[in-house]
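A short worksheet on the structure shown next.
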Amino acid sequence: MSDKFEKKILCIGAGYVGGPTMAVIAQKCPQYKVHIVDINADRINAWNSDELPIYEPGLDEVVKEARGRNLFFSTDVEAGIEEADIIFVSVNTPTKTYGVGAGKASDLQYWEKTARSIVKASKANKIIVEKSTLPVRTAEAMERVLNANDKGLKFEVLSNPEFLAEGTAIKDLHNPDRVLIGSMETEEGRKARQTMVDIYANWVPKERIITSNVWSAELSKLVANAFLAQRISSINAISALCEKTHADVQEVAFAIGTDSRIGSKFLNASVGFGGSCFKKDVLNLVYIAESNGLPEVANYWEAVITMNEYQEDRFVKQMISAMFNTIAGKKIALFGFAFKKDTSDTRESPAIHVARQLADENAQVTVSDPKALKNAKNDLADLKNISYEQDPYESAKGAHAVAIVTEWDLYKTLDYQKIYDSMEKPAMIFDGRNILDHQKLFGIGFNVYRIGKPAMTHFDQI
Ligand code: UDX
Ligand code: UDX
């Protein structure tokens, strides 16, 4: 029955990347069968239910349109491999926690295991597509594992890094700035690359589909994330300077962003960047530079991470110092726990760091978030003095301070007079995302602390 499809595409790994990416390919290409498999049965059950395992605006609609038509989710990895012409691999590649390169290099064990299962279950030649972000030259290693088979099978490995950002994944997939497809520069490699171009050409304008050699594609993904992370660390470094000099970081960002060579995007100073990619990919780049004997290059990029940690620390230190250097027993309400708005993802969220440091100081931390409380509970499971409250008004009741950690739109429109009235005095608000109307909050009576701007307090404060 599946023979009615023009091509059979499999994706191994139904995570934040594999799920939305494949759902959009299925939506845009009803002529292909798209099958997503994962070893995690709970995740697959959720993909097959009304409550998808991840929150992403617009994802429900895309899945509803294609699921059961040409989009299928299962745990049957072997059967999936056997029938597929093209296999995307989107399993996780976390930072290694052990052995050589611990703390920096990518842990490729899932990738290699996946490659070995592909060889085992295959009965015909296939195109294998790296969707996970991987160190440069992984394709070469994978090609060796895959092609060292005694069945006479040939696997062509392509790199097709994913550039979607969480919270805007569907928009990014529907209308990408570019799609990048890297292949070996052989006749078979270029043929396989064309097959991939043809898939994306179903909805992406041809001029936005870039082809390159496989190493350039792999490295471009790491470099794109490193440049983006670097921009945030750069503006965050300037935010610290602004607080000392009474410059306003948003005014500075606007002024420099009007230079078309710099550009205006991604210049929001914040409590720090989070997410599963930036730290992992920058560290990976650092590791690659180190292992290629380029310590100056490695140190240069490592500073992006050091600056991010400094920014997170600075935020907490400012909270403690503003609250008279003692927060033991004080209730502090964290507004937001996701690493950015419009996602339930909390991986590497600055909120984890903030909550843990406050809890270490024996504060009573209450965490509020519209979508990420389930993940927050897992992240902080070992802490005792933490509570969770969906409703921000409830969570702020009796608190000495509110801290905005995620820039959810809903926090912009809360009734802050009501919140102020329910809090202990003096009431503090720490806006880690600069999203609130600070003048108005100050007028209500709050002492307002911002990123990269002088604090607004009703008493003499250092
Ligand atoms: C993943 C990688 O982490 C990232 O490096 C890359 O850029 C894109 O793919 P993400 O989709 O966010 O990102 O990861 P995650 O949500 O953890 O999903 C990976 C899935 O792979 C999990 O559901 C996991 O169960 C599955 N998996 C892992 C397998 O099916 N088989 C395995 O052997 C290992
Ligand atoms: C990132 C890349 O943008 C994407 O192309 C890649 O495929 C995966 O990694 P993601 O991590 O999902 O995407 O979100 P992103 O929008 O890049 O935000 C990352 C972090 O930076 C968030 O914590 C966000 O709040 C923070 N950020 C972003 C800032 O602090 N200031 C900014 O101006 C922009």
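Some points to look at:
- Filtered residues of region 210-229 (kept if of a type in the set (S, T, N, Q) and surrounded by fewer than 17 Cβ atoms within 10 Å (Cβ to Cβ)): N213, S216
- All conditions but one from (1) more than 16 Å from ligand 1 (Cβ to nearest atom); (2) in a loop (DSSP other than H, G, I, E, B); (3) touching a residue at least 12 places away in the same chain (Cβ under 8 Å) apply to K371; the one that does not is (1).
- Screening region 1-14 for residues that are in contact with a Lys or Arg (Cβ under 8 Å, 6 or more places away or on another chain) and at pLDDT 95 or above and picking the one that is surrounded by the most Cβ atoms within 10 Å (Cβ to Cβ) gives C11.
- Residue match in region 259-275 (condition: in a helix (DSSP H, G or I), within 11 Å of ligand 2 (Cβ to nearest atom), in contact with an Asp or Glu (Cβ under 9 Å, 6 or more places away or on another chain) and in contact (Cβ under 8 Å) with a residue 60 or more places away in the chain): no
- On the stretch given as region 374-401, residues that are closer than 15 Å to A359 by Cα and outside any loop (DSSP other than H, G, I, E, B) total 7.
- Residue match in region 315-335 (condition: within 16 Å of ligand 1 (Cβ to nearest atom), crowded, with 21+ Cβ neighbours inside 10 Å, part of a loop (DSSP other than H, G, I, E, B) and in the same structural domain as F278 (by TED's automatic domain parsing)): no
- Selected residue (only one of E407, E424 is under 27 Å from the mean Cα position of the chain (by Cα) and either in a loop (DSSP other than H, G, I, E, B) or outside the structural domain of F337 (by TED's automatic domain parsing) (or both)): E407
- Residue count, region 336-364 (criterion: more than 16 Å from ligand 1 (Cβ to nearest atom), within 24 Å of M307 (Cβ to Cβ) and of a type outside the set (A, V, I, L, M)): 9
- Those residues of region 445-462 which are touching an Asp or Glu at 6+ places or on another chain (Cβ under 9 Å), among the hydrophobic types (A, V, I, L, M, F, W, C) and under 17 Å from A333 (Cβ atoms), in sequence order: V448
- When each of S276, S321, S291 is tested for being modelled with pLDDT under 95 and more than 16 Å from the chain's Cα centre (by Cα), the lone residue that passes is S291.
Table: residues versus (1) crowded, with 21+ Cβ neighbours inside 10 Å; (2) touching a residue at least 40 places away in the same chain (Cβ under 8 Å); (3) touching a Cys at 6+ places or on another chain (Cβ under 9 Å).
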{"position": "E56", "(1), (2), (3)": "yes, yes, no"}
{"position": "D60", "(1), (2), (3)": "no, no, no"}
{"position": "R69", "(1), (2), (3)": "no, yes, no"}
{"position": "T75", "(1), (2), (3)": "no, no, no"}
{"position": "N147", "(1), (2), (3)": "no, no, no"}
{"position": "K154", "(1), (2), (3)": "no, no, no"}
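The values are calculated or read from the model by the stated rules, or taken from the named source; none is laboratory data. Because the structure is a prediction, the values reported are computed rather than measured. As a convention, Cβ positions derive from the backbone with ideal geometry for all residues, glycine included, and neighbour counts pool all protein chains shown.
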